[in-house]
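Notes follow the structure.
The values are calculated or read from the model by the stated rules, or taken from the named source; none is laboratory data. Quick caveat: nothing in here was measured; it's all calculated off a predicted structure. Please note: Cβ atoms are built from the backbone with ideal geometry, for glycine as well, and neighbour counts cover all protein chains shown.
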Amino acid sequence: MALSQILYQGLGPMQTTPIQFSSPVDGTPVTFYFGGSGYATGSETPLEVQIMLDGNLLQNAMVYANEGSSHKSLVCMLNVENLSFGSHTITLVPQNMLSDDNDSFMLTMIY
């Protein structure tokens with residue numbers, strides 16, 4: 001049976017957010033689920049959150065906004081094949097986007 005752990009839950013505005021956690025598994029595949037929202041002031045803009053593990057880019061959560069000032073959802077699931085036991089840091093880095101107190105963010109680890 002899979003277990004899950006919420007690593008981060010918060011409201012905007014989002015800034016670069018380092019999240020320290022301890023892995024309860026060693027060498028076992030782990031899935032991370034990121035969900036959040038944001039907006040851009042201009043139109044035709046890709047909104048993006050980089051998801052980094054221990055300083056290395058894992059994946060980008062990205063959505064394209066045709067219109068400006070419209071809040072959009074960003075969702076991303078990613079697998080890490082061999083996460084080692086112990087301390088790690090996931091960093092969420094917003095790119096080309098803004099957020100305010102109407103936006104929320106969550107990062108969950110499933111193992």
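Tell me yes or no: at least one residue of region 69-89 is modelled with pLDDT of 95 or more, in a loop (DSSP other than H, G, I, E, B) and under 17 Å from residue 13 (Cβ atoms). Yes; the residues of region 69-89 include at least one that is modelled with pLDDT of 95 or more, in a loop (DSSP other than H, G, I, E, B) and under 17 Å from residue 13 (Cβ atoms). The set of residues in region 57-96 that are in contact (Cβ under 8 Å) with a residue 60 or more places away in the chain and touching a Gly at 6+ places or on another chain (Cβ under 9 Å) comprises 83, 84, 85, 89, 91, 92, 94. Counting just the residues of region 26-55 that are under 15 Å from residue 69 (Cβ atoms) and either free of Cβ contacts under 8 Å to residues at least 40 places away in the same chain or not β-branched (Val, Ile, Thr) (or both), which one comes out surrounded by the most Cβ atoms within 10 Å (Cβ to Cβ)? The selected residue is 38.
For region 98-111, the set of residues classified as at pLDDT 95 or above and surrounded by 15 or more Cβ atoms within 10 Å (Cβ to Cβ) consists of 98, 99, 103, 105, 107, 108, 109, listed by residue number.
The residues in region 83-111 that are within 14 Å of residue 38 (Cβ to Cβ) and of a type in the set (S, T, N, Q) can be counted, and the count is 5. Every condition in (1) part of a strand (DSSP E or B); (2) under 16 Å from residue 15 (Cα atoms); (3) out of contact with any His (no Cβ under 8 Å at 6 or more places or on another chain) holds for residue 37 except the one numbered (3). Looking only at region 70-111, filter to residues that are among the hydroxyl-bearing types (Ser, Thr, Tyr) and touching a Ser or Thr at 6+ places or on another chain (Cβ under 6 Å); which one of those is nearest to residue 17 (Cα to Cα)? The extreme case among them is 108.
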